[in-house]
Structure formats: structure tokens, C-alpha cells
Number of protein chains: 2
Amino acid sequence: METVSENRAFGGVQGVYRHASETTHCAMTFAVYLPPAAQQGRVPCLWYLSGLTCTHENAMLKSGAQQWAARHGMAVVFPDTSPRGDGVADDEAYDLGQGAGFYVDATQAPWAPHFRMFSYVSCELQALVAARFPIDVERQGITGHSMGGHGALTLAMRFPDLYRSVSAFAPIAHPTASDWGRKQLTAYLGKDETAWRGHDATLMVKEGLWKRDILVDQGASDQFLDLLWPESLSGAIAESRTAGVFRMQPGYDHSYWFVSSFMEDHVRWHAERL
Amino acid sequence: METVSENRAFGGVQGVYRHASETTHCAMTFAVYLPPAAQQGRVPCLWYLSGLTCTHENAMLKSGAQQWAARHGMAVVFPDTSPRGDGVADDEAYDLGQGAGFYVDATQAPWAPHFRMFSYVSCELQALVAARFPIDVERQGITGHSMGGHGALTLAMRFPDLYRSVSAFAPIAHPTASDWGRKQLTAYLGKDETAWRGHDATLMVKEGLWKRDILVDQGASDQFLDLLWPESLSGAIAESRTAGVFRMQPGYDHSYWFVSSFMEDHVRWHAERL
């Protein structure tokens, strides 16, 4: 693991690191924020998964998570959103290929050799972070924005013992029904839709797979409402009697201004549960 | 004035605007954050001047000022750092020409026709913002980072009735003695150093030109300490018996992580004085 940069921030350290991944078979870059409390011992850890076109950097620079993480004594990990590099398959569209891993393990050509973000985040990077940084592996939560909100919800429901708390900002809430989903799940997982079911938050919530509570924020003026399908997730939460808070936020769009405006609430949500 | 973008943020609006400047004779872009309180009436206004290589965007995205401005009911204006465009003089160096206006009115060729950021910020953009946004012109303060900290301190001392409060992050504190200053002041104002004196915070503080108090934060691990000369400004504050708080912050460098880590304190400083 190589240290790309480390900066003092809010009394802690914002670092960027690079390593050769055995899961995605390419170099992967990620960021970790360690709060001041990490100088005294192990701290809880929040995973932040980013959206389409993002790298580790967007949320690191724009979400404002560090200041709240510092106050609550929590680490934050910002993974990249896909494998990258000249030898990695890609597509001209912004929503497929590099920058658009969708947090699945691809089984189809040409994606299968590298596009394994599901295992990368939940397994390889998980182990690397736990080994190299002073986090308490028993106290980890997960959140994310847009495609990353989809990733956070679906990973939490697949690994509820690993991720003890979950929230999401404007998640892609029902990818098996959306143009943000059907195209990518077909490309990465193939046409058999039974393989998709483990990657759709609405379907998984309906099955009652999350036994604790969920926080979801959604901008009511989001320009991508037709692709996100928030109504299907809010309906599934109610229908399955899952505990949770689903907030439609008037006037907010899909940008990081929306994310940063409510980041304080999300970090507190996780801190209170970890 | 053209609206480039507007996003809901922390209950208010983060806008980016463009206009044809009569001072710099080119199109100028700037950003304004209006807090929720601006929907009810005029609010105090903080000017944030940015450093070398920056546009209006760096601090807008990375300083985290908006959340504190929202809480304190204060507008924030983020001007650009120089004139820009194909017809505007430039230099290959990052610290001269476009992106490096140094908040002076150039008198020398080839800079004089466009490089008039002193008048642009304090006069033309001041009037435009006051006319188009609900700010209270009697309650304005100014801050900035690096070259923008130099700009904030020197503009405040030149216009103490306009800027009622002042602070700075890692300012270029003594440009007449520094390689961040002598080169630029020579280029923009000529070799006669008497023309430079009104653009050096250390010299102006020594003359007792600021009658209220000053807040300055400086990272103790700043990679540019030899160019910033913080010791000359802290010495001038003490020598002139100027009220103020000068904080050396251990471990912090020159990046926006440093700025954002202490932005809350600076916004509160201005809010308490406006």
C-alpha cells in the first residue's frame, strides 16, 4: 500500500492511498479519514460509496464528512467506484464501465476480469483497511450517494453483521426497473434477471432483509427522480414495516450541495448506532 | 449579469454568476452564497478572497463556509483571483498573470488594461453584489487564503468603513520582502517600492491602520512558510498593539484542509462583529 498524500484536517488526518488489488486486478486508489480519537485507540468506521463518474476524491473533497467524523470520533473510508486503467474494459457512456462499477461482481465479458466492486469493497478493501488503520471492525456502517446509495443499501443487506448501520443519499433505489440499472445489470450480470435480485434495494427491503433502521434523504428537486425511483424504496420500507426515516428534502437537487447539506445528520445517525 | 448555476445548499442558495466587467475589461465569474435568512431580509456579507491559481470555485467547493454562513445568517461572496481570457495578458509562471492578480491595480504594461482586482473587488463587484443580492452593506467583513489573505488584510485596511471585520488564513503577510510579492509588485506596479506600501499587510499593521481586531490562522507545517512570512505579521500586530488573535496551528499545511478545519471559527468571528 502506497501513501499518495496525507493532510491534517479537523485535528485528524485525511489520507489517500493506492494498492494493487487482487480482486479487480488493477491499481486501486482510496481515501481514509482518521479522526483525532484514532490517536488514542480504535474508532468506528463509516464507508462512503460514491456515484456515477466519481472517484474516491469527489466525496472526500465535497461531502464535508470529515468535520462530523472528527466530532463523533469516526473514521470514514472513500473507495473508488470501479477498476481503472488502460487494460480495463470501458464504455463510451458515462454510466457503464470505468466510473460505473455498480458495486456488483461482473460475470460477463468483457467486464468479468476487473469489475468486481462488490467483493472489492466488502472483502479486500475491508480487510486492508482493518489491517492498516485503527478501526474497530465490530462498529462499521455504510452510506453513499446515487449509485453509491444503491451500493450502501445492497451491501448492508448482504452483510448485516459487517455493516451495523446504513443510510443513503438519493440512492438508485430500484435498479432492476430503471434505466440506471437494467443496462448495467445486463452488461455485468447477464440477461437472467434472477441474478439481479441481490442488487436491488427495493426488492431486498421488501424481503425484509434489513432488521435494523434505515435513513434515506432524497432531494425533491432532484433532476434524476425518474431514474432513482425513490417512491419504490419508500413504499418498500413502509410495506415491509422496516424501521426507518425517509426524508424528501424540498428544493434540493442531485449535487454534492445536497449531500453536504445533510451529511451532519448521516454521520450522527451512524455514530449513534455504532 | 448571467446566472451560471444555482443550487440549494444548507437551506439557502449557492449561485455562480458571470458579468462583463468595466474594471477588468473582460468577463468575470463569481459565486454568492445566500443563507436561509436572506429570504426574510438583508443579511451581513463576508467576502472570501482566494489564493494563487484559484478561481471563484476552489473555496466555494472546499472551504465549507456555506454551512456556517447558513447558521449565522450571513452571505458569502467568492470572487475570482484575476481577469481571464484569450485577450488578457498572462505569464507561464503560476504566480504571475491569470490566477495571480494579487488584489492590486496594475500600472505597468502589459498588465494595466485588465489586472485591476483591487478596484474590481472593492468597487465594481461590491456595487454589483449590493444591487443584486439582499446584503446589508453596513455589515460586511473580509477574509481570504494565502494571496487572498493578503488581499483581505490590505483591502480591509484601505477601506475600514466598508469592511468592518477582517481575518485571514495563511496570508502572504509581507509581500514587499517575499518572493511571493516582490516579483508581482514589480511587474504590476513597477520598480518604485513606494507604490508597494499600500499592499503589504505587515507594513500597514505597523502603521496602525487597523483599529479593530484581526484573526489570523497559520498552519505550523505549511510548506510555504518561507514565502508567507507569518512572523513579520505576528510581530507587527504585537508591536503596533493592534488587537488580534494570531494562531499557529500545529500539523496543518497550506491546503484547503487547513482552511476548512478553521472556517467555522472565522465565520463566527465575523458574525460576532457584524
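Each semi-axis of the equivalent ellipsoid for chain B is √(5λ) with λ an eigenvalue of the Cα gyration tensor; in descending order they amount to 26, 23, 17 Å. The rotation axis that maps chain A onto chain B passes nearest to the beta carbon of this chain A residue, listed with its distance in whole angstrom: A:Gly64, 3.
Peptide A:258-266 has a mean of 3 when you count, residue by residue, the C-beta atoms of other protein chains within 10 Å of its C-beta. Each copy carries a label point for A:Ala93 at 7 Å from Cα along the beta-carbon vector; from one copy to the others these points are 5.0 nm apart, nearest first.
For the pair A and B, the buried accessible area comes to roughly 1900 Å² in total, with a 1.4 Å probe and the value rounded to the nearest 100.
The tail of the calculated P(r) for the protein assembly as shown beyond 34 Å holds 43 percent of all Cα-Cα pairs. Residues of the range B:47-86 whose accessible area, computed with a 1.4 Å probe over protein heavy atoms, drops by at least 50 Å² once all protein chains are present relative to their chain alone are B:Leu61. Of all lysines in the structure, those lying under 27 Å Cα to Cα from B:Lys62, and not within fewer than 8 positions of it along the same chain, are A:Lys62. Over all Cα atoms in the range B:35-115, the spread is summed up by Rg and Dmax: 15.8, 47 Å.
Please compute the modelled spin-label separation between A:Val245 and A:Ala127, points set 7 Å along Cα→Cβ, answer in nm with one decimal. Once both label points are built, they end up 3.7 nm from each other. The H on the amide N of B:Arg116, modeled in the peptide plane, is under 5 Å from the matching H of B:Ala106, each at least 5 residues off or on a different chain.
Look at the alpha carbon pairs under 8 Å that are at least 6 residues apart: their mean separation over the length of chain B gives a relative contact order of 17 percent.
Pull out a ≥ b ≥ c, the square roots of the eigenvalues of the alpha-carbon gyration tensor of the range A:24-67, then state rounded if a/c is under 1.5, prolate if not and a/b is larger than b/c, and oblate in the remaining case. It comes out oblate by the Cα gyration axes.
Every Cα-Cα pair in the range A:162-201 was counted, and those over 13 Å apart are 55% of them.
What whole-number distance in Å separates the alpha-carbon centres of the range A:110-147 and the range B:133-173? Their Cα centres are 44 Å away from one another.
Scalar couplings 3J(HN,Hα) for the range B:66-73, obtained by applying the Karplus form with A = 6.51, B = -1.76, C = 1.60 to θ = phi - 60°, are 4, 4, 6, 4, 4, 5, 8, x Hz; x denotes Gly and Pro. Three principal axis extents of the range B:148-255 based on alpha-carbon atoms, in descending order, are 38, 31, 23 Å. Between A:Ser5 and B:Ser221, the modelled label-to-label distance comes to 1.4 nm, taking each label 7 Å out from Cα in the direction of the beta carbon.
For the range A:84-213, the fraction of C-alpha pairs farther apart than 22 angstrom is 36 percent. A viscosity of 1.002 mPa s and a temperature of 20 °C, combined with the Kirkwood radius over Cα pairs in Stokes-Einstein, give a translational diffusion coefficient for the range B:1-156 of 138 µm²/s.
Under 5 Å from the amide H of B:Ile135 lie the amide H atoms of B:Val43, each residue being 5 or more positions distant or on a separate chain, with H modelled from the backbone and absent for Pro and chain starts. Can you tell which of A:Gly251, A:Gly235, A:Gly148 shows the greatest fluctuation in a Gaussian network model of chain A with Cα springs below 10 Å? Fluctuation is largest for A:Gly251.
For the pair B:Asp192 and A:Asp161, a Förster radius of 45 Å applied to the C-beta separation gives a FRET efficiency near 0.05, rounded to the nearest 0.05. In nanometres and ascending order, the distances from the A:Cys26 label point to those of the other copies are 3.7 (point 7 Å from Cα along Cα→Cβ). In this assembly of identical copies, the label point of A:Pro134 (Cα plus 7 Å along Cα-to-Cβ) is separated from its counterparts by 4.8 nm, sorted shortest first.
Within the straight-line cut-off of under 29 Å between alpha carbons, the lysines reachable from B:Lys206 are B:Lys183, B:Lys191, sequence neighbours fewer than 8 places apart in one chain being disregarded.
Between B:Cys26 and B:Ser21, the built amide H atoms are under 5 Å apart, and every one of these is 5 or more places off in sequence or on another chain. The Cα trace of the range B:128-184 gives Rg and Dmax of 13.2, 40 Å, the first to one decimal, the second as a whole number.
Label-to-label distance for B:His25 and B:Glu272 is 4.6 nm, based on points extended 7 Å past Cα in the beta-carbon direction.
The values are calculated or read from the model by the stated rules, or taken from the named source; none is laboratory data. Remember, predicted model here, so these are calculated numbers, not experimental data. Here the Cβ is made from the backbone with ideal geometry for all residues, glycine too, and neighbour counts use every protein chain on show. Accessible surface areas use protein heavy atoms only, side chains included; no ligands, DNA or RNA. Shrake-Rupley method; radii C 1.70, N 1.55, O 1.52, S 1.80 Å.
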